[in-house]
Amino acid sequence: MGETHPNVTDITEIGLAAERGGGADAIVAVNTVKAMRISTDFRRPALGGNGMGGLSGPAIFPVAVRCVWELYESCEIPIIGCGGISSADNVVEMMMAGASAVEIGSAVIEDASIFRQITENLYRRDGGGECPEDIVGGCAHA
Ligand SMILES: Cc1cc2nc3c(=O)[nH]c(=O)nc-3n(C[C@H](O)[C@H](O)[C@H](O)COP(=O)(O)O)c2cc1C
């Protein structure tokens, strides 16, 4: 499995390197987005280490969709979409970008019942009759 980080100029280079050079069976995209906060009270970086940290959750969803879309355009192996997913609609959007499966991280911290909610809503959508293979990458790519 190759895990791709969004903090690169061209994520397809990393995806292709994992697929061709690394022999990866699938790609997970994305991990957290490099970010920083500065405490205005203490007048110094607020996060540990060098003051930087990884941003996750809904704010990074559009970044993740873009990365999955670009990887789907260039790679053959399956893509597992991750980053800011918190609803059934987000799951469908990720599939349209090209994800064959998804991961959910931060939303679980907010609400542990997120998997049940998303599953119920996914199967409720459009009568629940749409085949996943028809959605993955299908409509959002030329
Ligand atoms: C508290 C926390 C711990 C994490 N630990 C790791 C880790 O150890 N290794 C890793 O590759 N990614 C780690 N991640 C990144 C997640 O796997 C995921 O890629 C990222 O949070 C984006 O998804 P999300 O917006 O659904 O959380 C962590 C994320 C969070 C919020």
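The values are calculated or read from the model by the stated rules, or taken from the named source; none is laboratory data. Only a predicted model underlies this, so the values are computations on that prediction, with no experimental measurement involved. Reconstructed Cβ throughout: ideal geometry from the backbone, glycine too, with neighbour counts over all protein chains shown. These accessible areas exclude ligands, DNA and RNA; they are computed on the full protein's heavy atoms, side chains included. Shrake-Rupley method; radii C 1.70, N 1.55, O 1.52, S 1.80 Å.
The single residue among 19, 103, 76 that is within 12 Å of the ligand (Cβ to nearest atom) and in contact (Cβ under 8 Å) with a residue 40 or more places away in the chain turns out to be 103.
Highlighted here are the helices (runs of 4 or more DSSP H) found entirely within region 1-103 that include at least 3 residues which are closer than 19 Å to residue 138 by Cα, at pLDDT 95 or above and open to solvent by less than 80 Å² (accessible area, probe 1.4 Å): 61-74, 88-97.
With the requirement that a residue be hydrophobic (A, V, I, L, M, F, W, C) and open to solvent by 70 Å² or more (accessible area, probe 1.4 Å), what does region 104-142 give you? Of everything in region 104-142, those that are hydrophobic (A, V, I, L, M, F, W, C) and open to solvent by 70 Å² or more (accessible area, probe 1.4 Å) turn out to be 109, 112, 115, 139, 142.
Among 64, 17, 35, which is within 24 Å of residue 90 (Cα to Cα) and out of contact with any strand residue (DSSP E or B) (no Cβ under 6 Å at 6 or more places or on another chain)?
64
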